[in-house]
Amino acid sequence: MTRTAGILGMLGVMVEEAGIRLQKVLAQAGIASRRNAELLIEQGRVEVDGQVVTEFGVRVDPAVAVIRVDGERIPPTSAHVYLVLNKPRGVVTTMSDPQGRPCIADYVHDRPERLFHIGRLDTDTEGLLLLTNHGEFAHRLTHPSYEVSKTYVAEVDGNVKPAALRRLLDGIELDDGPAQADTVKVVSSIRGRTLIQISLHEGRNRIVRRMFDAIGHPVKRLTRTAIGPVRRGNLHTGELRDLDHKELGQLLDLVDL
């Protein structure tokens, strides 16, 4: 056995008959054609479980191997689905509503999977919401120990002074404990209203609205524009799409999956 094969064997990568050839896995993931995938391997741009691979005969189990190209994680082959919805204002963040109000299920009723939303958005808050059928992924993404940042744009009452913004960054004591923003930036201010971009790791109920209430600038309109690496981009209100490979790979890294 060669030294490279021995190292890969220790890492759980199989170089015999089991598994799928690495270049085929890359091609199936849409990274490159089979031939171009071989070039990526030859150039030392592909890693498997932290080890650079330069041999074409390497076989992997794509369901468990951590594969990276140029440092970017390639999500494993999986039966799970990962979606992002640009939730409209007025839609309840539930999969059913006994009062008959619009809810998340209205946007995924034609999907065959049993989906659930990751975290919540207030009924009056619009913007990004993730949906999946992968329970452990959802659990980790909402757990505070993984500190996945969320970004919002808030339209608030009044002209917000720098001292008030500093309070958000320094931390505010709420009735259920302290809350602190990671970043705060004024986007615009006109006619007694201020548009502010705020990011934080918090996931408590109505946390952004309560923080702005605490500094005397109630929120009039709130939109979540990013969850970790996932950005709203050109996703229109009410539209649904799959997470792309880069977004999913980055989220899997963030939650150690």
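The values are calculated or read from the model by the stated rules, or taken from the named source; none is laboratory data. The structure displayed is predicted, hence computed values, not measured ones. Methodologically, a virtual Cβ is constructed for each residue, glycine included, from the backbone with ideal geometry; neighbour enumeration extends over all protein chains shown. Heads up: the accessible areas ignore ligands, DNA and RNA and are worked out on the full protein's heavy atoms, side chains in. Shrake-Rupley method; radii C 1.70, N 1.55, O 1.52, S 1.80 Å.
Scanning segment 141-176 for residues that are open to solvent by 50 Å² or more (accessible area, probe 1.4 Å) and either under 30 Å from V108 (Cβ atoms) or of a type in the set (A, V, I, L, M) (or both) gives T142, H143, P144, S145, Y146, E147, E155, A163. For segment 123-140, the candidate set comprises residues that are open to solvent by 30 Å² or more (accessible area, probe 1.4 Å) and of a type in the set (D, E, K, R); within that set, the residue that is nearest to G203 (Cα to Cα) is R140. Among the residues of segment 136-148, are any in a helix (DSSP H, G or I), over 26 Å from the mean Cα position of the chain (by Cα), farther than 15 Å from I198 by Cβ and of a type in the set (A, V, I, L, M, F, W, C)? No; the residues of segment 136-148 include none that is in a helix (DSSP H, G or I), over 26 Å from the mean Cα position of the chain (by Cα), farther than 15 Å from I198 by Cβ and of a type in the set (A, V, I, L, M, F, W, C). The single condition from (1) in contact with an Asp or Glu (Cβ under 7 Å, 6 or more places away or on another chain); (2) open to solvent by less than 50 Å² (accessible area, probe 1.4 Å) that R204 fails is (2).
On the given criteria, is R241 in a helix (DSSP H, G or I) and open to solvent by 50 Å² or more (accessible area, probe 1.4 Å)?
Details: in a helix (DSSP H, G or I): no; open to solvent by 50 Å² or more (accessible area, probe 1.4 Å): yes.
When the stated conditions are applied, R241 does not pass them.
Which of the residues belonging to segment 106-131 are under 22 Å from T223 (Cβ atoms) and not in a loop (DSSP other than H, G, I, E, B)? Steps first, please.
From segment 106-131, those under 22 Å from T223 (Cβ atoms) are 106-108, 117-131; that's our starting set.
Once the filter is applied, which keeps residues that are under 22 Å from T223 (Cβ atoms) and not in a loop (DSSP other than H, G, I, E, B), segment 106-131 yields D106, Y107, V108, H117, I118, T125, E126, G127, L128, L129, L130, L131.
Which residues, counting only those in segment 204-238, are part of a strand (DSSP E or B) and not hydrophobic (A, V, I, L, M, F, W, C)? Show your work before the answer.
Taking segment 204-238 and keeping what is part of a strand (DSSP E or B), we get 219-227, 230-231.
Scanning segment 204-238 gives K220, R221, T223, R224, T225, R231.
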